[in-house]
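Presented below is the structure to which this report refers.
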Amino acid sequence: MSSWADVTLIYNMDYNPEVQPIGVPIVQKHIKIKREISLIDDLLGLFSLCRFFYRNKFDMVITLVPKAGFLGMLATSLFKIPVRIHIFQGEVWASRRGLRRLALRLADHLTASLSTRALAVSHSERHFLINEGIIHAKKIKVLGSGSISGVDCEKFRPNKAAKVKLRNELNIPEASILLVFVGRLTKDKGVFELVKAFSTLVKSHRDTFLVLVGPDEDGLTHQLQTMINTAVAGQLKIAGFTQNPAIFIAAADILCIPSYREGFGVVALEAAACQVPVVGSDIHGLRDAVIHEETGLLVELGNEDSLLSALNRLIDNPNLRKAYGKRGRSRALEKFKTQNVVDNYVNYFKRSLSLEGNDKSAS
């Protein structure tokens, strides 16, 4: 976008110090927006956004993720920025109950109302938002087959050398079955159900390992480790944050995504590109990323037995794992290459601005 627009990126630069520099020719602005609800911090974030948008007359503002979308759309509507696009990538309230669900749902409804148009990263998420009354069908669309960024099929690919190297580093025999989870270690990602299922699974499949990859944002490591019998405790490995998830995914026999909510589930695409079958929750978002009985298996949300049954089925049937993996990579190559997905977004933003060679500014 920077080849035809002056682009400014606003984000909380202090949120995760492990995130690498962005390294693109744009202006970057730090505003302290937190993931969790914090009334005082949220009001300060809104004030900072309002001040910034008052001083900078943008033609278009694009927001992503719930909190930034809500605050961003509030601020941009106050200053009548002409093109306001929110990209829905998963609804926090989808897995909540009671007053918290109502409040978060209302925030998404206001975000949708204050935007001039909206995108969803998957077709099943779009249907969910429409059916829940969050947004009118005419106002929201999905670009192509969905996803926010697609997948780099050169980086994420079958990699025998990486598989051998990582297993050696983790002391996992090459012939063992390796289950891998990649994501934030939070309850919403279904890590408790996964570890419970694994603790049962390993009783009948002793040569099976589970590696959890991702930042432990809720301090769950010790609790997860205590769920495994001490005799097989070494077969659960918690690797923490990584800057190279492709190595872990390429080393896996099965990728596990028992999430309670996903906008799309990019890690499922990454696994598909690595020719690794996926077992995931049967929820909107993942239904677009995983084709049931073709590239993996979808299981009942929050159901440990359903998850265990799917894992048993794939572990006991290497030919099925291989077939799902091949179909997954073919689908990733056909529909989700990064450049194709990025082009869809860039072209959409251009159309939204009705850009015909004129200089514009975007945030």
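Every number in this text was worked out from the coordinates using simple rules, so none of it is lab data. All of these numbers come straight from a predicted model, not from anything done at the bench. Note that each Cβ is placed from the backbone with ideal geometry, even for glycine, and that neighbours are counted across all protein chains shown.
Remarks
- Rounded to the nearest 20, the size of the Cβ-charge dipole of the range 100-168 about its Cα centre is 320 debye, with Lys and Arg at +1 and Asp and Glu at -1.
- Angle in degrees between helix 160-169 and the longest Cα principal axis of the chain, rounded to the nearest 10: 70 degrees
- Cleavage-rule hits (GluC sites (Glu not before Pro)) in the range 261-363: DSSP loop, at most 15 neighbouring Cβ within 10 angstrom: E293, E294, E300, E356
- With eigenvalues of the C-alpha gyration tensor scaled by 5 and rooted, the range 187-238, Å: 19, 11, 10
- Proximal lysines to K203, defined as alpha-carbon separation beneath 30 angstrom and excluding residues fewer than eight positions away on the same chain: K160, K163, K165, K187, K189, K237, K322, K326
- The range 202-249: trypsin sites (Lys or Arg not before Pro) in DSSP loop, at most 15 other beta carbons within 10 Å: R206
- The GluC sites (Glu not before Pro) of the range 68-168 meeting both criteria, a DSSP state outside H, G, I, E and B (loop) and at most 14 other C-beta atoms within 10 angstrom of the site's C-beta, are E132, E154.
- Our summary gives the range 160-335 a relative contact order of 23 percent, counting only alpha carbon pairs under 8 angstrom and 6 or more residues apart.
- Degrees separating the helix 338-353 axis from the principal Cα axis of the chain, which is the longest one: 20 degrees
- Relative contact order of the chain, defined on C-alpha pairs under 8 angstrom at six or more residues apart (%): 18 percent
- Qualifying lysines (Cα of each under 30 Å from Cα of K57; at least 8 residues distant if same chain): K29, K32, K34, K67, K80, K138, K139, K141, K350, K360
- Residues H222, H123, H292, H284, sorted so that the one with the fewest Cβ neighbours within 10 Å comes first: H222, H292, H123, H284
- For the range 160-335, the alpha carbon convex hull comes to 103 Å³ per residue, rounded to a whole number.
- Relative to the current alpha-carbon distance between H30 and R97, full extension at 0.36 nm per residue lengthens the span by 20.8 nm.
- Near V19: Cβ cut-off under 14 Å, other residues only, Lys/Arg at +1 and Asp/Glu at -1. The net charge is -1.
- Beta-bridge orientation, the chain: approximately 0 percent antiparallel, per DSSP, counting only bridges with both partners inside.
- Around I81: net Lys/Arg minus Asp/Glu count, Cβ-Cβ under 11 Å: +2
- Relative intensity, log₁₀ I(q)/I(0), of the range 241-327 from a Debye sum that treats every alpha carbon as a point, q = 0.14 Å⁻¹: -0.41
- Where Rh is the Kirkwood radius over Cα pairs, Rg/Rh for the chain: 0.98
- Environment charge of A231, counting only residues whose C-beta is closer than 13 Å and scoring Lys/Arg +1, Asp/Glu -1: +2
- When the P(r) of the range 188-278 is calculated, the portion above 21 Å amounts to 31% of the C-alpha pairs.
- A crude spin-label estimate for the pair N340 and L320, with each label 7 Å from Cα along the Cβ direction, gives 2.8 nm.
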